[in-house]
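The values are calculated or read from the model by the stated rules, or taken from the named source; none is laboratory data. All values derive from a computational prediction rather than experimental measurement. Positions of Cβ are backbone-derived with ideal geometry, glycine not excepted, and every protein chain shown enters the neighbour counts. Areas reflect the complete protein model, heavy atoms only, side chains present, ligands, DNA and RNA absent. Shrake-Rupley method; radii C 1.70, N 1.55, O 1.52, S 1.80 Å.
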Amino acid sequence: MLNFPIYLDHNATTPCDPRVVEAMIPYFTNSFGNAASRNHPFGWQAEEAVDYAREQVARLVGADPKEIIFTSGATEGDNLGIKGVFEMYASKGNHIITCNIEHKAVLDTCKHIEKEGGEVTYLKVKDNGLVDLAELEAAIKPTTILIAIMYANNEIGTINPIREISAIAKKHGVLLFTDAVQAVGKIPVDVNKDGIDLMAFTAHKMYGPKGVGALYVRRKNPRVKVTAQIDGGGHERGMRSGTLNVPGIVGFGKACEICMNEMEEETKRVSALRDKLQNELLKIEESYLNGDKDHKLPHVTNISFKYVEGEGLMMGFNKNIAVSSGSACTSASLEPSYVLKALGLGDDLAHSSLRFGLGRFTTEEQIDYTIEQVTNTVNKLREMSPLWEMYKEGIDMNSIEWAHH
Amino acid sequence: MAYSEKVIDHYQNPKNVGTLDKSKANVGTGLVGAPECGDVMRLQIEVDEATGVIKDAKFKTFGCGSAIASSSLATEWLKGKSVDEAIAIDNMTIVEELNLPPVKIHCSVLAEDAIKAAVNDYRKKNGLPELKFEESVIH
């Protein structure tokens with residue numbers, strides 16, 4: 001039995017695992033204490049729960065619990081990691097290297113830093129969505145203090161060669177920050193093996209609650225420090241003040257533990273479903289895979305269906321299937337996805353893209369239904385598409401003088 | 001953002017999808033928008049030469065649901081109208097009929113532009129001067 005709507009937008013957010021919710025519940029009511037209350041059992045209980053969660057989170061990424069700073073989510077982690085390093089290492093330099101398909105939380109933080117007198121290099125990714133290592137190394141200057149490159153991309157699911165990137169950073173004595181929101185909990189991430197100095201991630205992308213995340217800050221080889229961006233009671237070793245979100249942190253810890261225990265099995269199952277979806281949809285004429293085919297998260301695929309528009313396409317099934325599109329029409333800006341454009345896709349293909357994000361509770365039946373619905377809608381809309389008719393008649397669309405908006 | 005029922009109905013059951021014979025003198029074709037902008041509309045009218053009344057109208061649209069609905073609605077409204085009546089169709093009446101939200105007003109503008117382009121194509125084919133229209137404001 002299929003229950004509607006089917007959720008295939010797990011890059012946007014994930015449902016809480018029921019086991020996560022169960023672990024959180026006592027910390028709303030009975031064990032409601034403030035983890036910073038040092039003088040009574042309510043505080044002790046909360047602190048103990050936070051410490052335990054900190055271990056669960058640290059274990060998933062191979063870190064020491066002392067290296068985990070709890071935040072409100074990855075946007076805060078991105079801000080704290082990048083701005084915090086920029087301010088702390090101001091005497092060393094002011095140059096940061098990032099890339100043009102980072103999440104807005106990184107790009108806009110970098111823009112802010114430019115206004116503060118920082119210098120930022122935005123590397124262009126290759127057509128497959130990956131960072132060019134030679135270009136990265138060439139961009140390093142004596143003033144470079146930080147490389148901020150995402151672990152995996154949220155729109156196309158591509159995974160950057162993070163170990164090669166960290167080797168370059170280390171060679172030049174530059175710190176490496178990575179936004180690992182899409183990777184942690186989905187693929188093995190190990191801050192030591194990967195050579196990461198700072199890393200932002202969040203609970204709600206890995207079956208935990210919204211509103212809680214973490215910034216990993218390396219304590220050894222080298223010892224990294226960040227300037228706090230929120231002042232107050234000096235929580236989280238002075239790096240992030242604010243009463244800890246105890247139930248959220250407990251849920252985050254539980255979510256990490258579940259990911260750690262079940263990642264291998266889950267990856268096998270979900271990637272098989274993703275492959276089936278991807279292979280079947282790529283059988284549709286004039287459909288194209290966006291982003292590298294191999295260096296890719298196991299649960300994501302992003303495909304453009306030429307000559308149909310993404311939002312129009314989603315409308316064919318979005319009562320029953322939730323996906324997202326790189327089409328402009330989903331935003332007020334009328335600009336299609338900057339990530340897809342950075343891959344060198346024309347605006348027409350960027351407008352025609354759909355992102356599918358599978359998850360822990362996705363079933364084969366759901367995937368079969370999705371394949372059928374997407375295929376039928378693409379065919380139906382192409383019958384309605386003047387561009388498809390031109391394509392079929394062999395008309396060169398570049399020869400037409402379009403009235404640009 | 002949820003679509004209005006009328007948009008959904010036009011999307012699911014579009015009226016007058018198709019192609020008229022461009023080579024006929026009494027068929028006018030308007031092709032507006034651009035693939036890079038995510039909207040391309042082709043609207044065609046077939047005019048009864050004796051009466052000057054539009055006897056058939058067809059469209060094909062690449063675009064979002066609101067763009068498809070706007071063009072589908074336009075073809076419905078065009079049939080039975082004279083050419084002069086056709087160019088009087090205002091995009092805001094499309095917006096009102098379909099309950100389009102502000103971010104989708106450009107879809108109705110495109111439909112209005114497509115009507116005007118089709119009429120001008122028809123006029124040109126029949127030795128009439130092309131009509132000048134004011135630039136649409138919202139694009």
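A compact table of results
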read-out: Single residue of segment A:46-73 satisfying the filter (aliphatic (A, V, I, L, M) and part of a helix (DSSP H, G or I)) that is farthest from the chain's Cα centre (by Cα); value: A:46
read-out: Selected residue [charged (D, E, K, R) and either in contact with a strand residue (DSSP E or B) (Cβ under 6 Å, 6 or more places away or on another chain) or closer than 23 Å to residue A:276 by Cβ (or both)] from A:383, A:364; value: A:364
read-out: Scope segment B:85-139; condition among the small types (Gly, Ala, Ser) and either within 12 Å of another protein chain (Cβ to nearest Cβ) or assigned to a loop (DSSP other than H, G, I, E, B) (or both); matching residues; value: B:88, B:114, B:117, B:127, B:136
read-out: Residue within segment A:254-264 that is within 11 Å of chain B (Cβ to nearest Cβ) and surrounded by fewer than 17 Cβ atoms within 10 Å (Cβ to Cβ) present; value: no
read-out: Given (1) touching a strand residue (DSSP E or B) at 6+ places or on another chain (Cβ under 7 Å); (2) surrounded by 22 or more Cβ atoms within 10 Å (Cβ to Cβ), index of the condition residue A:403 fails; value: (2)
read-out: Filter result (in contact with an Asp or Glu (Cβ under 7 Å, 6 or more places away or on another chain) and farther than 20 Å from residue B:64 by Cα) within segment A:331-374; value: A:339, A:343, A:344, A:357, A:360, A:371
read-out: Residue count, segment A:61-96 (criterion: in contact with a Cys (Cβ under 7 Å, 6 or more places away or on another chain) and of a type in the set (S, T, N, Q)); value: 0
read-out: Some residue of segment A:74-90 being surrounded by 15 or more Cβ atoms within 10 Å (Cβ to Cβ), out of contact with any Asp or Glu (no Cβ under 7 Å at 6 or more places or on another chain) and assigned to a loop (DSSP other than H, G, I, E, B); value: yes
read-out: Hey, residue A:352 touching a residue at least 24 places away in the same chain (Cβ under 8 Å), in contact with a helix residue (DSSP H, G or I) (Cβ under 8 Å, 6 or more places away or on another chain), within 19 Å of residue A:283 (Cα to Cα) and more than 9 Å from chain B (Cβ to nearest Cβ) or not; value: no
read-out: Hits in segment A:365-390 (condition: away from chain B (no Cβ under 11 Å) and open to solvent by 70 Å² or more (accessible area, probe 1.4 Å)); value: A:365, A:372, A:376, A:379
read-out: Hits in segment B:80-103 - residues which are of a type outside the set (Val, Ile, Thr), under 24 Å from residue B:131 (Cα atoms) and free of Cβ contacts under 8 Å to residues at least 40 places away in the same chain; value: B:80, B:81, B:82, B:84, B:85, B:88, B:90, B:92
read-out: Residue match in segment A:334-347 (condition: on the phi > 0 side of the Ramachandran plot, in contact with a Cys (Cβ under 8 Å, 6 or more places away or on another chain) and open to solvent by 30 Å² or more (accessible area, probe 1.4 Å)); value: yes
read-out: Some residue of segment A:24-32 being in contact (Cβ under 8 Å) with a residue 60 or more places away in the chain and farther than 13 Å from residue A:247 by Cα; value: no
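Per-residue answers, yes or no, for (1) under 24 Å from residue B:102 (Cα atoms); (2) in contact with a Phe, Trp or Tyr (Cβ under 9 Å, 6 or more places away or on another chain); (3) touching a residue at least 12 places away in the same chain (Cβ under 8 Å):
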{"position": "A:295", "(1), (2), (3)": "no, no, yes"}
{"position": "A:311", "(1), (2), (3)": "yes, no, yes"}
{"position": "A:316", "(1), (2), (3)": "yes, yes, yes"}
{"position": "A:321", "(1), (2), (3)": "no, yes, yes"}
{"position": "A:346", "(1), (2), (3)": "no, no, no"}
{"position": "A:370", "(1), (2), (3)": "no, yes, yes"}
{"position": "A:377", "(1), (2), (3)": "no, yes, yes"}
